[in-house]
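Please read the structure below before turning to the comments.
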Amino acid sequence: MIQMSSRFRRIAILALPIALLTAACAPEQTEATSATGGENVSGAIAISGSSTVEPISVAVAEKFNAQNPDVEISVQGPGTSDGFELFCNGETDISDASRAIKQEEINACKENGIEPIELTVGIDGLSVVTSSENDFASCLSFGDLWALLGPEAEGFESWSDANQLAQKYDAQGAPYPDEPLVITAPGEESGTYGSFIELVFEPFVEEQGLKEYEEEVAPRPDYQASGNDNVIVEGVSGTPSSLGWVGYAFYKANEDQLKALEIDGGQGCVSPTPETIASFEYPISRPLFIYVNKQKLQENPAVQAFVDFYLSDEGIASAEEVGYIPLEESELEATRSTWESGEVITEETGS
Amino acid sequence: MASRAGSLTASDLVAASLHGRKRDIGGGIFQALLILALFVSLLVLLVLLYDVISGGISVFSERGADFLRGRLSIVTAATAGVGQGIFGTLLLTVIVVLVAFPLGIAAAIYLEEFAEDTRFNRFINVNIRNLAGVPSIVYGLLGLAIFVKLLAEFTGGRTALAGGLTLAVLVLPIVIITSAEALRAVPHSIREAGYGVGATRWEVIRSHVLPSAAPGILTGTVLSLSRAIGETAPLLLVGAVTGFLASGGASLYEQLYGGYTALPVVIFRWASLPSQDFRALTSAAIIVLLALTLTANALAIILRNRYERKW
């Protein structure tokens with residue numbers, strides 16, 4: 001018994017300093033946090049969101065940082081949806097997005113008293129790609145894309161498997177040859193995945209009146225999905241009869257390995273070029289956005305200065321420098337006037 | 001060693017007298033397979049090393065120290081570097097050392113020297129072993145829930161402190177296990193001698209057991225550090241910065257409560273970029289990370305060789 005109690009005493013002696021240490025540290029550090037937190041608000045900018053837009057924001061941040069070395073900036077790219085979650089929690093000041101904000105995201109922001117300002121900063125074309133060695137595919141219509149990549153195409157292992165389906169929808173690329181259909185494309189977490197659905201499948205479902213897909217439509221689940229665009233490029237260039245889609249910048253950077261297919265959105269075959277994408281003549285192109293937390297503008301002059309710089313000629317040129325299509329003059333004017341008026345978005349834009 | 005070698009020859013002699021002069025074909029094949037297995041794993045390692053070094057060496061020859069100092073970027077490959085990554089990794093390492101080592105070693109001392117062999121304590125022991133095998137992403141989720149969200153007041157959210165604490169929790173079970181092994185390796189005669197001259201339990205531990213176990217504890221903890229240095233997944237979850245980071249001249253203390261990045265995170269992000277320039281940078285960053293972990297491992301080996309005592 002004596003041994004037992006002395007043992008406990010020793011443990012208590014060991015535990016005491018640890019307990020004291022934690023107790024001593026905790027309040028002190030909490031205080032420090034709030035102190036630095038107060039400072040940070042005036043000079044720190046947190047940007048998160050789409051990994052597609054991330055390079056633009058990074059390029060702008062680099063230039064801005066060269067002129068304003070005292071401002072703390074962090075830029076991240078976990079994905080558009082993850083970005084909005086952080087943004088609507090008030091954890092970030094600016095959210096990069098490769099699609100427009102959804103109504104439920106606007107509502108989530110509103111619940112936390114956050115009003116987003118929507119600014120278009122560039123345009124990205126989605127390139128439907130195959131290997132540069134593919135010699136049979138050159139132009140695909142939305143019907144072809146549906147027959148090859150849509151939910152009804154599940155299980156098709158060869159291009160010719162899709163012939164019947166393609167005929168049903170008057171797809172003009174059919175009949176296809178009997179070649180293995182190897183698909184590598186973005187996975188669900190990617191904004192490029194969502195954009196493909198919005199720009200190709202949703203309009204197609206509406207046009208064809210496919211009731212069962214009206215609520216929700218997704219590509220066939222049985223393809224090689226990756227969040228890493230380099231993996232997609234490698235997968236697509238690895239087989240001559242491959243198929244997949246990537247952002248235009250990625251196609252451009254790997255032009256020697258990939259072949260971008262022309263797309264027929266109803267007005268004839270259009271190949272993705274900077275001109276056709278900027279004019280939205282190429283049917284699957286998407287605007288790229290940044291969303292700014294309006295409340296932060298008053299509290300944090302750094303955010304105001306940063307977005308001012310973002311939309312300046314020098315800042316906005318970054319979109320083109322990192323491989324995207326610059327906004328046309330009129331679009332840029334519209335973005336700038338939105339910024340000047342500080343108009344917040346309260347309803348989902350139907351773009 | 002001598003006795004083992006002796007018994008080997010004895011068994012060889014017995015085998016020879018049993019089989020006569022016939023060669024042991026099965027044994028020979030098995031030995032060849034074992035050597036083959038060794039070469040396959042070595043070959044994989046060599047191919048990896050060759051691939052990384054051939055891809056990244058140009059960066060060092062062209063930019064040298066500039067690459068080691070350069071800041072995080074995913075746009076301008078010409079000036080991008082691993083400076084912030086190295087700094088972040090070192091910052092996280094310091095937090096891990098300060099948090100996980102004392103906690104882990106203290107827990108190991110308790111488990112080995114004080115805890116009695118009850119069912120509950122055995123349960124704790126088994127659990128710690130299991131925790132050491134839990135995938136790191138799970139610790140990332142834990143860090144996100146506890147250090148980033150729940151303790152946001154204390155850590156400041158997605159900060160270097162939260163990241164460091166997450167990594168500390170990640171290596172804690174490994175530190176406990178290796179320290180406990182080292183303590184267990186100290187012969188009982190040492191403790192008994194201590195008690196024999198009237199030392200208390202704490203005196204025996206402090207002046208005999210711990211010094212004897214120190215080399216082993218040190219080796220194990222340094223090895224666990226190199227695991228922490230290489231982790232990516234949990235850091236991505238708890239908000240390590242991937243794109244661009246400017247600290248705006250914040251002090252070291254303020255950076256503890258600010259954004260951070262780390263070498264493996266930088267490698268992860270660069271590997272997904274389209275430009276060829278960044279592929280070379282990725283390889284170069286991998287070389288830096290390899291060098292860092294190798295240094296940590298070499299340190300562990302040197303410490304062990306220097307202080308290890310045979311009983």
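The values are calculated or read from the model by the stated rules, or taken from the named source; none is laboratory data. This structure is a prediction, so every number in the text was calculated from the model and none was measured. Don't worry about glycine lacking a Cβ; one is built from the backbone with ideal geometry, like all the others, and counts go over all protein chains shown. For accessibility, only protein heavy atoms count, side chains too; no ligands or nucleic acids. Shrake-Rupley method; radii C 1.70, N 1.55, O 1.52, S 1.80 Å.
Check which residues have an amide H placed less than 5 Å from A:Gly122's amide H, if you skip close sequence neighbours.
Those qualifying (amide H under 5 Å, at least 5 residues apart or on another chain) are A:Leu288.
Write down the percent of antiparallel bridges among all DSSP beta bridges whose residues are both part of the protein assembly as shown, to the nearest 5.
If we restrict to bridges inside the protein assembly as shown, about 65 percent are antiparallel.
Using θ = phi - 60° and the Karplus relation 6.51 cos²θ - 1.76 cosθ + 1.60, list the HN-Hα couplings for the stretch B:112-118 in order, rounded to whole Hz, with x at every Gly or Pro.
7, 9, 10, 5, 8, 7, 8
Each residue of the stretch A:43-54 in turn: what ³J(HN,Hα) in whole Hz from Karplus with 6.51, -1.76, 1.60 and θ = phi - 60°, glycine and Pro shown as x?
Rounded to whole hertz, the list is x, 10, 10, 10, 10, 8, x, 3, 6, 6, 7, 3.
Obtain the nm distance between the two label points defined at B:Arg184 and A:Glu212 by a simple spin-label model: each point lies 7 Å from its Cα along the Cα-to-C-beta direction.
It works out to 5.9 nm between the two label points.
If I model a spin label at A:Cys269 and B:Arg129 as a point 7 Å from the Cα along the Cα→Cβ vector, what separation in nanometres do I get?
Between A:Cys269 and B:Arg129, the simple spin-label model gives 6.6 nm.
By average Cβ neighbour count within 10 Å, what is the ranking of A:52-61, A:278-287, A:323-332 from highest down?
So the order, starting with the most tightly packed, is A:52-61, A:278-287, A:323-332.
Is chain B rounded, prolate or oblate when judged by the Cα gyration tensor, a ≥ b ≥ c being the square roots of its eigenvalues, rounded requiring a/c under 1.5 and prolate requiring a/b larger than b/c?
oblate
Can you pull the semi-axes for chain A, root of five times each eigenvalue of the Cα gyration tensor, sorted largest first, whole Å?
The answer is 45, 28, 19 Å, longest axis first.
Go through A:158-166, B:188-196 and give me the packing order, highest mean Cβ count within 10 Å leading.
Ranking the peptides A:158-166, B:188-196 by packing returns A:158-166, B:188-196.
Given 0.36 nm per residue, what is the gain on full extension from B:Glu203 to B:Arg227 after removing their alpha carbon distance, in nm?
5.3 nm
Relative to a virtual label point 7 Å from the Cα of A:Gln224 in the Cα→beta-carbon direction, which members of the stretch A:129-156 show backbone nitrogen distances below 14 Å?
So the set is A:130-132.
Could you calculate the contour length gain from A:Glu104 to A:Lys168, that is, 0.36 nm times the residue separation minus the distance between their Cα atoms, to one decimal place in nm?
Here the segment from A:Glu104 to A:Lys168 would lengthen by 19.5 nm.
Express in whole angstrom the spacing between the alpha-carbon centres of the stretch A:183-216 and the stretch A:300-351.
First find each Cα centre; the distance between them is then 27 Å.
Largest first, how would B:Ile301, B:Ile25, A:Ile45 line up by accessible area (1.4 Å probe)?
Descending accessible area places them as B:Ile25, B:Ile301, A:Ile45.
Got a number for the accessible area of A:Lys102? Probe 1.4 Å, square angstrom, nearest 10.
80 Å²
Output the relative contact order of chain A, whole-number percent, from Cα pairs under 8 angstrom with separation of 6+ residues.
Relative CO of chain A lands at 26 percent.
With n ≥ 4 as the cut-off for DSSP H runs, can you work out [θ] at 222 nm for chain B, using -39500 (n - 2.57) per run divided by the number of residues, rounded to the nearest 500?
So the helix-based figure for chain B works out to -23500 deg cm²/dmol.
Residue-wise, which Karplus ³J(HN,Hα) couplings in Hz belong to the stretch A:303-319, taking 6.51 cos²θ - 1.76 cosθ + 1.60, θ = phi - 60°, and x for glycine or proline?
5, 4, 5, 5, 5, 3, 5, 4, 8, 5, 4, 5, x, 6, 5, 4, 4
Quick one: net charge around B:Val59, please, counting Lys, Arg +1 and Asp, Glu -1 for every other residue with C-beta under 12 Å from its C-beta.
Residues close to B:Val59 contribute a combined charge of -1.
Using heavy-atom solvent-accessible surface (probe 1.4 Å) with all chains present, what is the largest-first order of B:Ile53, B:Ile287?
From most exposed to least exposed: B:Ile53, B:Ile287.
Obtain the nm distance between the two label points defined at B:Asp24 and B:Asp51 by a simple spin-label model: each point lies 7 Å from its Cα along the Cα-to-C-beta direction.
Label-label distance for B:Asp24 and B:Asp51, simple model: 3.8 nm.
Please state the charge dipole magnitude for chain A, taken about the Cα centre, from unit charges on C-beta atoms (+1 on K and R, -1 on D and E), reported in debye and rounded to the nearest 20.
1740 debye
How big is the dipole moment of the protein assembly as shown about its Cα centre under a simple scheme where the beta carbon of each Lys and Arg is +1, that of each Asp and Glu is -1, and everything else is neutral? Debye, nearest 20, please.
The dipole magnitude comes to about 5880 debye.
Using the Kirkwood formula over every pair of different C-alpha atoms, what hydrodynamic radius in Å results for the protein assembly as shown?
Kirkwood hydrodynamic radius for the protein assembly as shown: 28.7 Å.
Set the Förster radius R0 to 35 Å, insert the Cβ-Cβ distance between B:Leu252 and B:Arg119 as r into 1/(1 + (r/R0)^6), and round the FRET efficiency to 0.05.
E between B:Leu252 and B:Arg119, to the nearest 0.05, is 0.15.
What average count of beta carbons from other chains do you get within 10 Å of the Cβ of residues in A:74-81?
Mean number of neighbouring Cβ atoms from other chains: 6.
Evaluate the relative contact order of chain B (contact order divided by residue number), counting alpha-carbon pairs under 8 angstrom at least 6 apart; express in whole percent.
25 percent
Loop-only check: which GluC sites (Glu not before Pro) in the stretch B:56-154 are DSSP coil with at most 11 other Cβ within 10 angstrom?
B:Glu116
Probe 1.4 Å, all protein chains in place: accessible area of B:Asp66 in Å², nearest 10?
So the heavy atoms of B:Asp66 present about 70 Å² to solvent.
Rounding to the nearest 10 and keeping the result within 0 to 90°, find how far the Cα-based axis of helix B:2-19 lies from the longest principal axis of chain B.
Tilt relative to chain B: about 70 degrees.
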